[in-house]
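Asker: Okay, here's the structure, questions in a sec.
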Ligand code: ATP
């Protein structure tokens, strides 16, 4: 699974549609302070399902939409499109028939986020699970934010364990276990209700 292209439109400082072609091997992004290098990394994390505004250096999720400058008006939406080469079939098995994956996330003012995987509408969870199962994603330790190294050094053991679990690719399993436990609890409550009804009828 190889990221091949990141397309930004109205995301943070990227007002106009901008393509970042990612070739195999090492890609370096070089530029003066404030030109948008970190915004590129944030776009990658955002399209993979990041939902914490603080991780996007904003107060609310809509802060990722281009806010306007002296010469250009604010945009109404932001969109990021991540293209992935899956010819090596390293994406989760559900995508085994796809040579390429296209993940699109769009946020519209007052309307929230919408996701698409290969043109089909998807939930945030679907996108997050796709990347979690491939041992990557918005919280992947492979994406290192500014200041993250010093945070890591000062982190509590529990937080460090989470990083190791993500690196080992088991965070998707934790999410599934959590959802299974919630369903189990809901079923137990239903069973209790049914047994109350049966008692009343008896
Ligand atoms: P440095 O090397 O200093 O860390 P950088 O190249 O990583 O800089 P970024 O932090 O990615 O730069 O970009 C910051 C720029 O993005 C700032 O000029 C900021 O005004 C702009 N920016 C961030 N959010 C928005 C937004 N919603 N609308 C317009 N511009 C934005």
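Every number in this text was worked out from the coordinates using simple rules, so none of it is lab data. Here the structure is a predicted model, which is why all the values come from computation and not from measurement. Neighbour counts run over all protein chains shown; Cβ positions are idealised from the backbone, glycine included.
Asker: Using the beta-carbon distance between residue 87 and residue 178 and R0 = 22 Å, what value does 1/(1 + (r/R0)^6) give for FRET efficiency, to the nearest 0.05?
Answerer: Efficiency, from the Cβ-Cβ distance: 0.10.
Asker: For helix 124-133, report the angle its Cα long axis makes with the longest principal axis of the Cα atoms of the chain; keep it between 0 and 90° and round to the nearest 10°.
Answerer: 80 degrees
Asker: Could you work out how far helix 157-168 tilts from the main Cα principal axis of the chain, as a 0 to 90 degree angle to the nearest 10?
Answerer: 80 degrees
Asker: Once you have a ≥ b ≥ c as the square roots of the Cα gyration tensor eigenvalues for the stretch 15-71, tell me rounded if a/c is under 1.5, and otherwise prolate or oblate according to whether a/b is larger than b/c.
Answerer: Oblate shape, in that a/c is at least 1.5 and b/c is the bigger or equal ratio.
Asker: For residue 111 and residue 156 in the same chain, what is the full-extension length gain: residue separation times 0.36 nm, less their Cα-Cα distance, in nm?
Answerer: 12.5 nm
Asker: If packing is taken as the average count of other Cβ atoms within 10 Å, what order do 75-84, 190-199 fall into, highest mean first?
Answerer: Put in order of decreasing packing, that is 75-84, 190-199.
Asker: Sticking with this structure for a sec: Find how much the distance from residue 189 to residue 70 grows on full extension, using 0.36 nm per residue of separation minus their present alpha carbon separation; answer in nm with one decimal.
Answerer: This chain segment gains 37.1 nm when fully extended.
Asker: Measure nothing but the geometry: give the 0 to 90° angle between the long axis through the Cα atoms of 171-201 and the longest principal axis through the Cα atoms of the chain, rounded to 10°.
Answerer: It works out to around 30 degrees.
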